[in-house]
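**Q** Quick one: the structure is below, questions incoming.
The values are calculated or read from the model by the stated rules, or taken from the named source; none is laboratory data. Nothing here was measured: the structure is a model prediction, and the numbers come from that model. With ideal geometry, Cβ positions are generated from the backbone for all residues, glycine too; neighbour counts draw on all protein chains shown. To get the accessible areas, we keep the full protein, side chains included, count just its heavy atoms, and leave off ligands, DNA and RNA. Shrake-Rupley method; radii C 1.70, N 1.55, O 1.52, S 1.80 Å.
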Amino acid sequence: MKKPDRYVYPAVFTYEECQEIAVVFPDLDVATSGENDEDALFSARELLGCVMSGLEEDGEDIPAPTPLAKVACEGNERVMLIDVYMPSIRMAHINRSVNRTVTLPAWLNAAAQEKNINFSQVLQDGLKQRLGV
């Protein structure tokens, strides 16, 4: 099944005097905060992307978003729809680095270290060449 390119969920922004703006996604049971509206919105988008990516990776059910009109809020709260564009988030996870342990003869390790060779770069270059990518 094709994964959606975009997710849109309501978030409740809570405003308290002399405090950061709290942001809660009621459908996802996660929260973040920000120093001002812009920072809170940025944090909300970032959190939504992380949560949705994790749900996708783990093969978990994606909950349906509550319609905006049905999200309850208090006088010091505002409900906003937060969207996240997933293709860029998925690509960022594809390009993340992973650690691998390699075994090589001690003499080869010493010679490479003497020449300040970057083991990770050599392995990447070699794998790309071998795989034709």
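**Q** Would you kindly identify the strands (runs of 3 or more DSSP E) lying entirely within the stretch 1-67 that contain at least 3 residues that are open to solvent by less than 40 Å² (accessible area, probe 1.4 Å) and not hydroxyl-bearing (Ser, Thr, Tyr)?
**A** 6-14, 21-25
**Q** Look through Arg100, Arg90, Arg78 and report the one residue that is out of contact with any Asp or Glu (no Cβ under 9 Å at 6 or more places or on another chain), among the charged types (D, E, K, R) and either in a loop (DSSP other than H, G, I, E, B) or open to solvent by less than 100 Å² (accessible area, probe 1.4 Å) (or both).
**A** The conditions single out Arg100.
**Q** Which pairs have Cβ atoms under 9 Å, sit 6 or more apart or on different chains, and link a residue in the stretch 122-133 that is of a type in the set (A, V, I, L, M, F, W, C) to one that is exposed (fewer than 10 other Cβ atoms within 10 Å of the Cβ)?
**A** Note: pairs meeting the criteria are Leu123/Arg100; Leu123/Val102; Leu127/Val133.
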